[in-house]
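The values are calculated or read from the model by the stated rules, or taken from the named source; none is laboratory data. Since we're looking at a predicted model, the values are computed, not measured. Methodologically, a virtual Cβ is constructed for each residue, glycine included, from the backbone with ideal geometry; neighbour enumeration extends over all protein chains shown. We work out accessible area using only protein heavy atoms, side chains counted, and drop any ligands, DNA or RNA first. Shrake-Rupley method; radii C 1.70, N 1.55, O 1.52, S 1.80 Å.
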Amino acid sequence: MPDHVHGLFEATREDADLKKFADMFKQRSGFAHKRATGRQLWQKGYFDRLLRDDDTILDVIAYIIANPVRAGLCDDPKAYPYLGSTKYSIDELLDAVGSRPDSWRPW
């Protein structure tokens, strides 16, 4: 997305710290961006949402995958260059979500 980012992150340890992760992510990516472009990347703060018991991971993934298409940035999620996973291929994610309705919202 041109003005925000969606991410789905899984804590793998009991002492995982979302705030520390978000701060570090913004610091490292912001530093690299400013070095490359001379411009600031991030505004202060961020919006986070922890998954609730009634949320399903596949619904969240479907929402994230469909977001650039809904925004008119591409016709096919595979064409969006910033969509990806460190664990699964885009085809695996698309197969997993199938034709789920886009009903999950981050608020």
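Being over 30 Å from Ser99 (Cβ atoms), surrounded by 14 or more Cβ atoms within 10 Å (Cβ to Cβ) and hydrophobic (A, V, I, L, M, F, W, C) is the requirement here; does Ala32 meet it?
no
Just one of (1) within 17 Å of the chain's Cα centre (by Cα); (2) free of Cβ contacts under 8 Å to residues at least 40 places away in the same chain trips up Leu8, so point out which.
Going through the list (1) within 17 Å of the chain's Cα centre (by Cα); (2) free of Cβ contacts under 8 Å to residues at least 40 places away in the same chain, Leu8 breaks only (2).
Would you check which residues across the range 57-81 are open to solvent by 50 Å² or more (accessible area, probe 1.4 Å), at negative phi and without any contact (Cβ under 8 Å) to a residue 40 or more places away in the chain and list them?
Once the filter is applied, which keeps residues that are open to solvent by 50 Å² or more (accessible area, probe 1.4 Å), at negative phi and without any contact (Cβ under 8 Å) to a residue 40 or more places away in the chain, the range 57-81 yields Val69, Arg70, Asp75, Asp76, Lys78, Ala79, Pro81.
Residue under question is Asp3, and the condition is that it be more than 23 Å from Leu93 (Cα to Cα), acidic (Asp, Glu) and under 16 Å from the mean Cα position of the chain (by Cα); does it hold?
For Asp3, the condition - more than 23 Å from Leu93 (Cα to Cα), acidic (Asp, Glu) and under 16 Å from the mean Cα position of the chain (by Cα) - is met.
Hey, can you tell me all the residues within the range 35-55 that are hydroxyl-bearing (Ser, Thr, Tyr) and either modelled with pLDDT under 80 or surrounded by 10 or more Cβ atoms within 10 Å (Cβ to Cβ) (or both)?
Within the range 35-55, Tyr46 is the sole residue that qualifies.
Taking the range 18-61, which residues are hydroxyl-bearing (Ser, Thr, Tyr) and either in contact with a helix residue (DSSP H, G or I) (Cβ under 7 Å, 6 or more places away or on another chain) or assigned to a loop (DSSP other than H, G, I, E, B) (or both)?
Hits for the range 18-61 are Tyr46, Thr56.
Are there any pairs with C-beta distances below 6 angstrom linking a residue in the range 19-47 that is under 17 Å from Gly7 (Cα atoms) to a residue that is among the aromatic types (Phe, Trp, Tyr) and surrounded by 11 or more Cβ atoms within 10 Å (Cβ to Cβ), with the two at least 6 apart or on different chains, and if so which?
Ala22/Tyr46; Lys26/Trp42; Gly30/Trp42
For the range 82-107, enumerate the residues that are farther than 19 Å from Val5 by Cβ, without any contact (Cβ under 8 Å) to a residue 24 or more places away in the chain and either touching a helix residue (DSSP H, G or I) at 6+ places or on another chain (Cβ under 6 Å) or surrounded by 10 or more Cβ atoms within 10 Å (Cβ to Cβ) (or both).
Selection gives Ser89, Glu92, Asp95.
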